[in-house]
Structures are given as structure tokens and as C-alpha cells.
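Report on one structure; see the data block that follows.
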Amino acid sequence: MSTTTPQRPSYLDTLDCVITETIAPLAVETDQAGAYPRAAVEALGKAGLLGLISAQDVGGLGEAHRAATLVIEEIGKYCASTAMIVCMHYAGTAVIEAYGPREVREAIAAGQHVTTLAAGTTRMLTQTPTFDHCNFTVVSTAPAELVALFQSLLIDMSYDDPEVRPLCDLEGLQAWYPGRGDGYQALETAVELAGFYDQQGDITATDYSF
């Protein structure tokens, strides 16, 4: 009996070059300045990655939403600002691919147009109970005094501080609070239904590569 390892998608190899040459070197400057990562977005466009989920008949790569997720995840390891912009671009692209004019679809596929979802164009279908969207987890052997210091540094961050605000905006928050482990039932159920992880947190999805 033999097993085969899924081949790594070529678009991720292309992305690696963009990250190495443009996204990663500019990430710190982008976040500290709260600036639009224009160079990164333009590089992604030239590499064809803004047209990742655009149909092939308009010049795109014709990939599906899972590919978009992989690209966003990889970019997010280096620059959260660029990852968020690309995420919104893919969300807008999905709508335009379904309902938009061909000339706009072609411009997106060619990397000449960055899109997003305009305010008021979406509606809420349902809402889960609130939960903490960003937690820091430490191992049980971590020095208690350092953990306490790190927690105090986060909680003492003020959104009114102009130097701190860009960092908070990147996380979509205005304040840090002591962490909690409850309120995740709906999310845990969704993960179980998707069969993406096992109980140990290992990825079990057969068509996922990284």
C-alpha cells in the first residue's frame, strides 16, 4: 500500500516570491505607519494573485474559495494589513464574478482592480453568541511573572493613544480583556461538522495543503 502527498499548488509558490520580495520586508513599516500596503497589493496583482478566484475565461486562475483561504492565511503570517485587504478583495470578487460586468471581471483578473464589499450591500442572516475572537495562549510552564506582565501590557493599551490605535485597528478591537475559555460552542460545532481538525487539533482535511 502506498500513499501520495498532495502536490503543492503553484499559486502558493508564486505567493512565496511576492512575500519574500515585497510583503515581508514592508510589513513592519506598514503596520507601524497604519499605511495602505500599496506595493504589496500591486505586487500581488502583477503576480496574478488578485485574479486567483476569477474565472479562467476572463484571464483569472479559476481557483475556488479554499485557495483564497490558503493565500490569505499565508499572507497573514507576515502582514495582517495586506491579508485583510486581500480577504476583502476576494469577498468582493466572488460577488462580481457572479453578477458583475465582464470588463470589471477582466480588470480584476488582470490585477488592475482591487475591490471590496460596499457598505450596505450585505445583510446579516443570523448571529452567534458573542465570543472572544483573539486569545493568547501560554504553556503551563511559562513563568507566571512574565505572563502577568504581558497581560498587563495588553490590558493597559488605550485606544485613545495615537501610537496604540493602529495596532488595535489591525485586530478590530478597542480594548483587551482577561481571556476566557467559554462561549465557543457554536464555533466548535462548526469545526466538528466541517471535519477540518481532530480532537487533538491536528488537521484532518484531506484536500488541505500547507
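Each reported figure results from applying straightforward, stated rules to the coordinates on display, with no laboratory input. Given the structure is predicted, the values throughout are model-derived calculations rather than measurements. Cβ sites come from the backbone with ideal geometry, for glycine too, and all protein chains shown count toward neighbours.
Computed from label points 7 Å out along Cα-Cβ, the spacing between MET88 and THR69 is 2.2 nm. Exposed loop sites here mean trypsin sites (Lys or Arg not before Pro) with a DSSP loop assignment and at most 10 other beta-carbon atoms within 10 Å; the chain contains its longest site-free run at 1-122. With contributions of -39500 (n - 2.57) from each DSSP H run of at least four residues, the per-residue ellipticity at 222 nm computed over the chain stands at -14000 deg cm²/dmol. Taking other C-beta atoms within 10 Å as the exposure proxy, TYR177, TYR11 rank TYR177, TYR11 from fewest upward. Annotation for GLU171 and TYR36: the two label points, set 7 Å from Cα along the Cα-Cβ direction, are 2.7 nm apart.
Highest mean first, what order results for 82-88, 16-22 on Cβ atoms within 10 Å? Walk me through the numbers before you get to the answer.
Numbers: 82-88: 20.6, 16-22: 16.0.
Packing proxy ranking, top to bottom: 82-88, 16-22.
With contacts taken as Cα pairs under 8 Å at a separation of at least 6 residues, the range 10-109 carries a relative contact order of 30 percent.
Distance between the modelled labels on GLN185 and CYS17, one decimal in nanometres: 5.1 nm (7 Å Cα→Cβ projection).
Calculation over all alpha carbon pairs of the range 10-109 in 10 angstrom steps from 0 returns a P(r) of 16, 51, 27, 5 percent.
Between PHE136 and GLN112, full extension at 0.36 nm per residue minus the direct alpha carbon distance yields a gain of 4.9 nm. With a Förster radius of 45 Å applied to the C-beta separation of ALA144 and LEU193, the computed FRET efficiency comes to 0.75. Sites listed here are GluC sites (Glu not before Pro) in the range 141-176 whose DSSP assignment is loop and whose Cβ has at most 13 other Cβ atoms within 10 Å: GLU163.
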